[in-house]
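The values are calculated or read from the model by the stated rules, or taken from the named source; none is laboratory data. Because the structure is predicted, anything quoted here is derived from the model rather than measured. Note that we place each Cβ from the backbone using ideal geometry, even for glycine, and neighbour counts take in every protein chain shown.
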Amino acid sequence: MYLGWSPSNIAQTVCLLCGFLVLVFVDWSDDLARLVEVRDGLNVSWAKTEVNVYPEDYGQVASVLGFASANNLSVYPFCMGTNPVGPTVKAKIGLVFSRLNSVLEVSPENLYVSAQSGCPLTSLSAELDKRGLYLPTDYTGSMGGWASTNAVSAYSTWYGMPRELVLGAKICTGDGVLVSSGSKTTKFSSGYKVWKSLIGSLGWLGVFVELYCRVYPKPEVFVSGVGDTSLLNTLLRGALRPLCVWVVFEAGGREALGAVFGGYASALKRINTSLRLSEGILKPPTLEGNIVTVASKKGLESEYAKRALSALKGDVAIAYVGSGVVRLSVKDFSYVEKARRLLGVPIIVERGDYNGDYWGYHPAVLKKLKQALDPKGVLSPGKFCLGHP
Amino acid sequence: MFIWNSCDVVVVDVRREVEEIVGARWVVEGEDAALFGFDAFTAVKGRPRLVALPADEEQTVRLIALLYRSCTPMVFRGSGTSLSGSTVALTGEEVVVSLTRLNRVYSCEGLEIEVGPGLANVLVTRHAPHDLFYAPDPSSYTVCSIGGNVSHDSGGIHVPKYGSTFNSVVKLRVALCDGSVEDVGGTPYFNGANIFVGSEGSLGAVLRATLRLHPRPETSRTVLGAFQDVASTARAVSAVYEEGVIPAAVEMMDRNSIDVVEKSRYKAGYPDCAALLLVECDGYTPQVEEEVRRVRLVFERLGGKVMVPENPAENSRLWLGRKGAFPAMGVVSPAYLTLDSIVPRTELASVLEEVGRIAERYGVMVANVFHAADGNLHPLIPYNPESPKSLENALRAGWEIVEASMKRGGVPSGEHGVGIEKARFMHQYYSQSELEVLWRIKRAFDPDRLLNPYKMLYENPPETGDRVVSLLYTKPWEAE
C-alpha cells in the first residue's frame, strides 16, 4: 500500500478522473456539434487534431472560430493537406474547408475569378480553361492552401506569387469576425490590406473563406526550352520575356535551366535562342522529403541556390528565377543555423521534422498583427514563434 | 512649450527636444511651416505646429519615439503630393516629420534596389542598371517620393502589366511608435511588410524600401483609338484583353479632358472625338507587333479611328498630353478635385454616364481622364478656390460619383489613398464589424492614435472650425 491508498481507492480515483475528463471533452465537443458537423480528428505528420469540423457556409466558420476563441480551444484550419509548411500543429479542432469548394464567378471581361477557399485548383483551372483563361500557378491543392502558403511556382518569374495575384478576399479572424478585405479590382487603396497579411501566414493570423484572384488570357501557345545555365541572365533581363525560368542544381554538380514562353504562335515562332525548344509546358521537378526554402534576393536565385546547396549539404535546389525563392531538398536540417549565418538571408524549414527554429525571424510586427486578428491566439498554435525559441 | 498630457506624465519641451535631435536649422515653424500644411488635396489647408526634417534613420527613430512619448500627434510627409490630404496637419497640433532628407540609394543587386523614403520616384530608375526600370509611375512621378508611394500604394499608368507599388515592394524597414525598428518582408511566409503598404503612415514610418525592378522591354508601341461614343470606348477596353493582349497601359480621356489638354501647354493634337484610348504594348518585338495588330482590329471593329505615332517625338507628345491632363486643368480653374474611385471594367460605360448626369445636376464640369484597364476613374472637378460654395458643390458632386462607383462593385480609392478626402466613405464601404477589425490593427500599432490622426480611420471628426473639414467628415447618412 502507498500513502494509505488501497488498490480499490486508486481505481475509483482514476475512474472519477477519467469520467471528469470525458465530461470536459464531451462538453465542448457537444457544444461544437450544435454549430457544425463534427467528426474524428486528424493524426498525420503535419497536424494532430482531436476533432475535425466541416463548415458548410461562412457563418459556420465564424461560429466555430467564435466558439473556439471564447473557450480557448485551439484551431487548425486546413483543406486538402497537399502542401503542409512549417512545424506540426496540435490543435483541439481541425477546421476543414472541403465543403466550401465552389467556383463562384469567372469574369473574362474583368479578368478575375471568385472562389471559395476549399475549391481545388484543378476545378478552378478547368473552369478557367473553358473560357480561355488561366491562373498562373502549378500548385496542387485548394485555393485557400495556395494563398495561405503563398506558393511559389515556375510562373512566379513573370506573374509573381499569390501575394501579387490575390486581389481581395473574405476572411475570418481568429475570434470569428467575417471581414471583406480588398476587392475584385486590380487596385485597392481604401484601408489596410488585411487580406494581403494573411497570404503566406499559414492560417495563423486568420482564415480565408473566399478569394478573388487575377486571371489572365491563356496564351495562344506555350513553348518550353531547356538549356545551359549560361543563358540565365539573357533570359531574365533580355528581350524574350519568358513566363517561367528556373534552374535546377544537383549535389553532384549537374545544372539545368528550363524556361517557358507564352504568346502568339506567330511571335513565338521567331524566338531566337540556343535553348532546345518544344511546344507545351515544362515544369521543374517536384521536391520530396525534407525541404528548405531560402528567401534570396530577386534575380540572384541561382547564386543563392548554389550557396545554399553547399551550405545545407542539400541534394537538389530549384531556383525560381525572379521570385526571390529557392527551394531545396536536404537529408536533414543539421546545417540550417550555420547556413543562416553564412548566407545572411531567411532560411525556412518548410517541411520535415526539426527541433529548432523553423523560421529564423520573429518580427514584432507579426506579434501586433496576431494581437489584432487572433487576440486569443487560437489559430494554428506553434506554427510561428513570436519570440526566439 | 511644455506639455502635460494623459499619455505620459513626463513633462517635455517638445520643440527643444526636437531641435536637439535634428538640429535647430532643420526645424521649421510659424509662417515658414505653412508650405508643409497642405498637399495636392487643395481643398483643405492645415497648419503644423512644427516641421522637423531628420537627416537619417537614427534621427527619425529618435524623433518618433520622443513625439510618441510626449503624446504629440505626428504626420509623416514626403514630397507633399498626396491627392487625398493624407499629409495635411489637420488640427494644428501635429508635428510634421518630413522624410525628404532620407533620399539615399543604398544598394542595387539583382532585380532589387534599396532606397530611402524621401527619394523621388523618377530617381529610382535613374539609379537602376540601364537594362532595368522601376515600374510604378504615378503622374507625379517626377516629384513624388517612394515613402509616399508605399504609404498610398500608388499606381500610375503601368499597373495593368506591372502592378501597383505593392507588387514592387520587396522589403521595408519601418519605425514603430515605440522607437523600435523592424526589417520586414523579403520572405514568402509571414511577410510583415504587406500591412504597411497603403497604410498612409498610420501604423509606422517607412525608413527604407527595397523595391523590385523589371527588365526594360525590347519594344514599346502606342495605339490611339478615337471613338464617337463613350460606350464603344469602354467596350474596347475589355475587347483588347479578349484578344489575348496584356497591354502595358490603357488610358482613356473623354471630350472634356481632351479639350482642356488641347488648350494647354500639353497640347497633343488629339483628334476630335467623344473619347479616346491610348494603349501601350511592350515586350518582345514579335509579340508586340501582333498585339498592336490586334488592338487596331479591335478599335476598328468598334468604330474607332486608329492613330499610330510614326516617330518617338509623336509618341512622347501623345503621352505627355495624357500625363499633363491634370495640370492642364489650370486652363479652366486654378483648383480642382481629383477623384480616384474604381469600378470593374464592365461598369465603365455605365458609371461614366452617371458621372455625366451628376455633373449636370450640380452644374459642374467633369473631365474624365483615367486608367481604363484598371477601371480607375479620375474625374477632375474644377472649382473656384475663392468661393466656398463652389468648393462645396464640387465636393458633393464628387461624393455622388464615389457612391455611384461603390454601387457598381467598386471601391472608394484605387491609388490616392483615403486620407481626409474619402474618410467619410470608410463608414459606408465597411460594416461596423469590419471597421472594428481595422481599428484593432490600428490600436495594435498605434495605441494612442498619434500617427497621422483622422486619416483613413476616425472615431469622431476633428474639431477645426473649418466648414469644409466638417463636411468631409460627415458620414454620408448624417444630416449636415
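Couple of notes before you dig in:
- In the set (1) crowded, with 18+ Cβ neighbours inside 10 Å; (2) within 30 Å of B:P388 (Cα to Cα); (3) away from chain A (no Cβ under 14 Å); (4) in contact with a helix residue (DSSP H, G or I) (Cβ under 9 Å, 6 or more places away or on another chain), the condition left unmet by B:F299 is number (2).
- Scanning the range B:206-219 for residues that are more than 7 Å from chain A (Cβ to nearest Cβ), under 20 Å from A:G299 (Cβ atoms), touching a Leu at 6+ places or on another chain (Cβ under 6 Å) and part of a loop (DSSP other than H, G, I, E, B) turns up at least one hit.
- Criterion (assigned by TED's automatic domain parsing to the domain that holds B:G179 and buried (at least 19 other Cβ atoms within 10 Å of the Cβ)) met by exactly one of B:V75, B:V51, B:V115: B:V115
- Tally of residues being within 23 Å of A:K383 (Cβ to Cβ), hydrophobic (A, V, I, L, M, F, W, C) and not in a strand (DSSP E or B) across the range A:91-117: 2
- In the range A:249-270, of all residues being of a type in the set (A, V, I, L, M) and within 30 Å of B:V295 (Cα to Cα), the one that is surrounded by the most Cβ atoms within 10 Å (Cβ to Cβ) corresponds to A:A259.
- Every residue from the range B:410-468 that is in contact (Cβ under 8 Å) with a residue 24 or more places away in the chain, closer than 20 Å to A:K184 by Cβ, of a type in the set (A, V, I, L, M) and surrounded by fewer than 24 Cβ atoms within 10 Å (Cβ to Cβ): B:M426
- In this structure, A:G299 qualifies as within 10 Å of chain B (Cβ to nearest Cβ), more than 18 Å from the chain's Cα centre (by Cα) and not aliphatic (A, V, I, L, M).
- Taking the criterion of being facing chain B (nearest Cβ under 9 Å) and either within 18 Å of B:N194 (Cα to Cα) or assigned to a helix (DSSP H, G or I) (or both), the residues of the range A:363-389 that qualify are A:P363, A:A364, A:V365, A:L366, A:K367, A:K368, A:L369, A:K370, A:Q371, A:A372, A:L373, A:F384.
- Residue within the range B:92-104 that is without any contact (Cβ under 8 Å) to a residue 24 or more places away in the chain, more than 21 Å from the chain's Cα centre (by Cα), surrounded by fewer than 24 Cβ atoms within 10 Å (Cβ to Cβ) and away from chain A (no Cβ under 14 Å) present: yes
- Some residue of the range A:111-118 being within 14 Å of the chain's Cα centre (by Cα) and free of Cβ contacts under 8 Å to residues at least 60 places away in the same chain: yes
- Wholly within the range A:129-231, strands (runs of 3 or more DSSP E) carrying at least 1 residues that are among the hydroxyl-bearing types (S, T, Y) and facing another protein chain (nearest Cβ under 10 Å): A:166-173, A:178-182
- Check on B:G46, modelled with pLDDT under 95, closer than 30 Å to B:L377 by Cα and not basic (K, R): yes
Condition check ((1) more than 19 Å from B:R345 (Cβ to Cβ); (2) of a type outside the set (D, E); (3) facing another protein chain (nearest Cβ under 8 Å); (4) more than 20 Å from the chain's Cα centre (by Cα)) across all residues:
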position	(1), (2), (3), (4)
B:L391	yes, yes, no, yes
B:G398	yes, yes, no, no
B:I401	no, yes, no, no
B:S405	no, yes, no, no
B:G410	no, yes, yes, no
B:H416	yes, yes, yes, no
B:G419	yes, yes, no, no
B:Y429	yes, yes, yes, no
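- Residue, surrounded by the fewest Cβ atoms within 10 Å (Cβ to Cβ), within the range B:142-190, restricted to residues that are closer than 17 Å to B:E57 by Cβ and at the interface with chain A (Cβ under 8 Å from one of its Cβ atoms): B:S180
- Evaluation of B:F196 against (1) farther than 21 Å from B:W319 by Cβ; (2) surrounded by 24 or more Cβ atoms within 10 Å (Cβ to Cβ); (3) touching a Gly at 6+ places or on another chain (Cβ under 6 Å) (one fails), failing number: (3)
- Whichever residue in the range A:271-293 is more than 10 Å from chain B (Cβ to nearest Cβ) and not in a loop (DSSP other than H, G, I, E, B) and, among such residues, is surrounded by the most Cβ atoms within 10 Å (Cβ to Cβ): A:V292
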